[in-house]
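What follows is a single structure, written as structure tokens, with notes after it.
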Amino acid sequence: MLAEHGWAISPRRQAHFIERLLAKAMTTGKRPGWLDSFLGKARLPPKVPDGTRVYAVGDIHGRLDLLERLLCQIEAHAAEVPRRNTLIFLGDYVDRGPRSKDVIDRLMALRLPDWEIVFLRGNHEQMVLDFVDDAGLYRVWRSFGSADTLLSYGVKPPSFDNDDALADARAEFVRKCPVQHSEFLRGLKYRHMAGDYMFVHAGVRPGVAIDRQSPEDLMWIRDEFLLSDNRLEKVVVHGHTPTERPVRRSNRIGIDTGAYATDCLTAVILDGEQCTFVSTTDTGRAR
């Protein structure tokens with residue numbers, strides 16, 4: 001690295017030199033500008049706008065019981081210190097759990113005075129809409145927990161894999177799904193910004209500008225995003241890929257903790273530069 005700038009120095013001495021510079025920077029809290037040219041500019045801790053607190057909720061998947069519990073925890077936490085509060089749901093409200101219809105009802109009826117509430121679109125909501133537009137796409141949706149969603153609306157899942165059976169199931173679902181639910185699903189956003197954070201369902205494609213990210217990637221991407229250490233324009237808060245505990249990296253925060261199977265529904269709390277988590281399995285304060 002130093003050699004590129006015309007300094008003939010052995011790699012070992014170079015490493016020692018940089019180590020001393022870093023130690024001094026850590027001690028003084030400052031880095032000389034020329035050091036930034038070698039190491040890149042220091043990145044300040046991400047933060048939400050001053051006076052704002054953001055709660056983002058992971059994948060619910062038909063677990064109304066966990067949603068109710070987590071909402072109580074969030075409201076209790078918010079009451080401790082007044083802020084301008086934003087509540088963001090990252091998508092995947094339906095499928096796998098037993099009460100998809102009731103979850104949609106609850107989200108649509110949610111009212112928190114003076115709060116901003118944001119609903120994002122997950123890949124599971126997209127599959128519901130795809131099925132409504134094309135009955136044949138049930139063959140894709142079927143392996144993602146579709147039967148649980150259909151049953152929650154009083155629709156019997158198709159017994160046979162033929163076009164007539166799929167068309168009949170679609171027609172019954174369209175009849176029994178309230179118009180307000182369809183409008184809610186079609187009105188879901190793909191992303192939301194708050195300060196240094198970007199909220200999406202699945203992630204983003206590294207190397208692509210925020211305003212050029214495709215809806216498909218925002219709802220479906222996995223490995224290309226999860227395995228990337230690249231610095232992104234924003235720290236991405238996402239769900240979609242379940243993990244035993246919330247994941248916090250320099251470029252992303254993952255909060256899908258597999259609620260439908262684990263009974264653990266998680267939210268991240270962003271307050272200034274602070275980042276903590278609250279989940280339905282907690283026995284104490286947000287951590």
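List of remarks:
- For ILE253, the residues whose amide H sits under 5 Å from its own are VAL236, VAL237, HIS238, ignoring neighbours fewer than 5 places away on the same chain, with H placed 1.01 Å from N.
- Proximal aspartates and glutamates to LYS47, defined as alpha-carbon separation beneath 16 angstrom and excluding residues fewer than eight positions away on the same chain: ASP196, GLU233, ASP271, GLU273
- Spatially proximal aspartates and glutamates relative to LYS189 (Cα-Cα < 17 Å; intrachain offsets below 8 disregarded): ASP59, ASP92, GLU116, GLU125, ASP130, ASP211, GLU216, ASP217
- Ordering of 128-134, 206-212 by packing is 128-134, 206-212, highest average first (other Cβ atoms within 10 Å, averaged per residue).
- Average projected area [Cα convex hull, the range 229-275], square nanometres: 3.6
- Straight-distance crosslink candidates among aspartates and glutamates, where the alpha carbon sits under 13 Å from LYS176 and sequence neighbours closer than 8 are dropped: ASP168
- Rg to Rh quotient for the range 123-186, alpha carbon positions, Kirkwood Rh: 0.91
- Relative contact order of the range 123-186, pairs being alpha-carbon contacts under 8 Å that are 6 or more residues apart, as %: 33
Bear in mind these aren't lab numbers, they're just calculated from the coordinates by the rules spelled out. Model, not experiment: these values are computed from the prediction. Quick reminder, even Gly has a Cβ in these numbers, built from the backbone with ideal geometry, and neighbours come from all protein chains shown.
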